[in-house]
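> Handing you a structure now.
The values are calculated or read from the model by the stated rules, or taken from the named source; none is laboratory data. Because the structure is a prediction, the values reported are computed rather than measured. Heads up: the accessible areas ignore ligands, DNA and RNA and are worked out on the full protein's heavy atoms, side chains in. Shrake-Rupley method; radii C 1.70, N 1.55, O 1.52, S 1.80 Å.
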Amino acid sequence: MGGAPAPQPLPTSVGNKDSYSRVATGLPFIALTFDDGPHPQHTPRLLDILKQRNVKATFYVVATNARRYPEIMRRIVAEGHEIGNHTVTHGNLAKMSEAGVRQELTAAHEAIVATTGVAPRTMRPPYGAITASQKAWIRHDFGYPTIMWSVDPEDWKKPGASVVTSRLVSGATPGGILLVHDIHSSTIDAMPSTVDQLLGRGLKFVTVTQLIAMDGRG
Ligand SMILES: [Zn+2]
C-alpha cells in the first residue's frame, strides 16, 4: 500500500456508521457546519456572531488555510467549536487513488493537530464526492465517519443573505446537518437572522460529534 501512513494514534471512532447526512433523532438539536475556511476576515466575524449567541458549530477547514491562519484555528477551538478534516487541496476524492486520498487526509489531520493540538474526528469530502468503499476504509483507518448534510442552501452561488437564511430555516429539522461556507461575506451576513430564527423555533446547536451521539435517541 503506497502513500503516507494513517495518523497515529488513531482517534476514537465516532458513531457506528460510515456516513451521516443527518442523525435520526426527534430531539431538537441540529449541527451548523462551515466549510472551506478559515478566512482571515469572515471567520472572525462569524465567530463573534456565534459567541454572542453561545452557539457551537463545526468547521471543515482546508489545511492550506489552517496553516495560513493558525491564530483563527486556535480561536475556533478555544470558543468551543469543533474542527473537521476537509483535505489539503480540496480536490475530488472520488477520482483519486487510495494513496492520494490517504495523503490528503493524513496531511490535513496533521495540520489541524499542529495548529490546535486537537485531532479532528470527522471528515467532509469536497463537493460531497466520495465512494462507498472510500467511506468504509476511511472510517476503518482514520476513525472518521464521512459527514454529508441534510440542508444545502447553495450559499456559494451567492443568492443573497435573506435567501440563504430562508433556505436554512425552512430546511432545518431535528437531527439535521446544515452546510454553508465561511469564506463568503453574504453567508456571514445571513447568520444572525438564521441562528436567531432557529433558536426561536426551539432548535439547539451542537457540534457534529455531539449530534452523532444522539443518533437513534429520542
Ligand atoms: Zn469545500
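> What is the stretch 1-130's relative contact order, in percent, from Cα pairs under 8 angstrom and six or more apart in sequence?
30
> I'd like the carbon and sulfur percentage of the solvent accessible area for the chain, probe radius 1.4 Å, heavy atoms only, ligands and nucleic acids excluded.
Roughly 53 percent of what the probe reaches on the chain is carbon or sulfur.
> Given a 1.4 Å probe, how much area per residue of the stretch 30-79 is accessible, in Å²?
Numbers: 1950 Å² over 50 residues.
I get 39 Å² per residue for the stretch 30-79.
> Could you tell me the relative contact order of the chain? Use alpha-carbon pairs under 8 Å, at least six residues apart, and round to a whole percent.
About 36 percent, as a whole number.
> Spelling out what I want: for every residue of the stretch 210-218, take phi, set θ = phi - 60°, compute 6.51 cos²θ - 1.76 cosθ + 1.60 (Karplus), and round to whole Hz; glycine and proline get x.
5, 5, 4, 5, 8, 4, x, 10, x
> Please give the solvent-accessible surface of Glu154 in Å², to the nearest 10, using a probe radius of 1.4 Å with every protein chain present.
70
> A further question follows. At 1.4 Å probe size, with no ligands or nucleic acids counted, give the accessible surface of Ile72 in Å², nearest ten.
The value for Ile72 is about 20 Å².
> Oh, and also: Taking only Cα atoms of the chain, what ratio of Rg to Rh do you get with Rh as the Kirkwood inverse-distance radius?
A ratio of 0.94.
> Just reorder Tyr20, Tyr127 by solvent-accessible area, largest first, 1.4 Å probe, all chains present.
Tyr127, Tyr20
> With runs of 4+ DSSP H residues as the only contributors, calculate the mean residue ellipticity of the chain at 222 nm using -39,500 (n - 2.57) per run, divided by the residue total and rounded to the nearest 500.
Per the formula, -12000 deg cm²/dmol.
> I would also like to ask the following. Using only C-alpha atoms and all pairs of different ones, pull out the Kirkwood radius for the stretch 83-139 in Å with one decimal. Mind showing how you got there, number by number?
Details: mean 1/r = 0.0879 Å⁻¹.
Result for the stretch 83-139, one decimal place: 11.4 Å.
> Long-range amide H contacts for Asp35: which residues qualify at under 5 Å (H placed 1.01 Å from N, peptide plane, sequence gap of 5 or more or a different chain)?
HN-HN under 5 Å from Asp35: Tyr60, Val180, His181, Asp182.
> Taking θ as phi - 60°, what are the ³J(HN,Hα) couplings along the stretch 134-141 by the Karplus curve (6.51, -1.76, 1.60), each to the nearest whole Hz, with x for Gly and Pro?
The phi angles translate into 4, 4, 5, 6, 5, 5, 5, 8 Hz.
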